[in-house]
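To keep things clear, I will list the structure first and then write my remarks on it.
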Amino acid sequence: MDKGQQMTTGIELRNTALNGICPYFTMFPLDFPLNILKRRARKGDIVLDPFCGRGTTNFAARLMGLRSLGVDSSPVAAAITASKLVTASVEDILNDARGILTLCEARHIPESEFWQWAFHPNVLEALCRFRGAFLEDCTSDARIALRGIILGALHGPKQKTFPSYFSNQCPRTYAPKPAYATRFWQERGLLPEPIDILAVIERRAKRYYSVSPEITGTVRLADSREACALQPEISDTQYNWVITSPPYYGMRTYIPDQWLRNWFVGGSDVVDYTNRNQVVHSSPEDFAKDLRQVWRNAHSVCAENAKMVVRFGGIPDRSANPLDLIKNSFYDSGWRIATTKKAGTANEGKRQADYFLRKRSSPMTEQDIWTIKQ
């Protein structure tokens, strides 16, 4: 592609703060999709991510002025992604927050020992007001943004300067297990502190929503193994790029790892260890078969010569070779593997995971698989 054909955008690419609105246990860096689209995409291209997670690919597409669709079966992932695709002013976000705290009732306040130690009573009551309001109506850009802000601030470590999280001392990337966390707080005498919720929301709103790109995108809460999940929002349009990172074989705890945020978007106030609407992990063959169905579904909605780039790796306690597994998933999928490239390890992303874990693990080398639609 010559320089005249390369993508340009009026948005300065350093305005990327919004991508960090909420941590997620598994995520790839913004540079991965952004560099691909910056160097290779053309004006008018449409981007798909069938495992969008926290919406990094969709945010990269937005920065580049491209429309996109993100699909994920996790309500938490869908909510985080949605917050990166709206255009909301700081004033509108704060007005909504004040209105909810003033007018909405706090219903279904959890009462177990964990909740008593995790949040100050006044903070928990306020969070329940927000939760109830969003479950009743979260369709406006301001409310979607506000929900994303609160999800990001829901739990995290105590700050040395001013509070930035609503919880007692916690990891920020994933929710702690209730029994272990409660013992942790009790043994150290760590009581939950009263937090000025509006002050936290205001600081985060100014950080994330002071500048918003004009182009937006769409997120869909759905299972990408179902053909209808990947259908474009506008009929008679097709995707030019698929950039994604599916769950690694053996990673089945996306909802349990995010159970507090999952509660906030409507889930249970106790940890749910089921694995509904997720790629199966019963065997490497079954796992590859499920991925193959997603690739076939993407093939049916992509334009001729569309390209798919997949970042994939593995976890140490699984014997399956990640590269062999992902290559197998493309067999008879309609996509031809053009090249594979080593992408390093997820060491940087693992640091948050190690914060509350008793035993640390060493991440495996990840691979980028470039494919072309046949």
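Here are a few things to note about the model shown:
- Those residues of the range 77-115 which are part of a helix (DSSP H, G or I), aliphatic (A, V, I, L, M) and in contact (Cβ under 8 Å) with a residue 12 or more places away in the chain, in sequence order: Ala77, Ala78, Ala79, Ile80, Ala82, Val90, Ile93, Leu94, Ala97, Ile100, Leu101
- Residues that are in contact with a Leu (Cβ under 9 Å, 6 or more places away or on another chain) and at pLDDT 95 or above number at least 1 in the following helices (runs of 4 or more DSSP H) confined to the range 161-273: 178-188, 197-209, 259-264.
- Looking only at the range 267-310, and only at residues there that are under 19 Å from the mean Cα position of the chain (by Cα) and among the charged types (D, E, K, R), the one that is surrounded by the fewest Cβ atoms within 10 Å (Cβ to Cβ): Arg276
- Scan the range 143-170 for residues that are small (Gly, Ala, Ser) and surrounded by fewer than 22 Cβ atoms within 10 Å (Cβ to Cβ) and the total you get is 2.
- Residue in the range 47-54 that is free of Cβ contacts under 8 Å to residues at least 60 places away in the same chain and not assigned by TED's automatic domain parsing to the domain that holds Pro176 present: yes
- Just one of (1) in contact (Cβ under 8 Å) with a residue 40 or more places away in the chain; (2) over 25 Å from Gly70 (Cα atoms); (3) of a type in the set (A, V, I, L, M) fails for Ala199. It is (1).
- Of the residues in the range 115-127, at least one is β-branched (Val, Ile, Thr) and in contact with a Pro (Cβ under 9 Å, 6 or more places away or on another chain).
The values are calculated or read from the model by the stated rules, or taken from the named source; none is laboratory data. This is a predicted model, so every value here is computed, not measured. Note: ideal-geometry Cβ built from the backbone for every residue, glycine included; neighbour counts use all protein chains shown.
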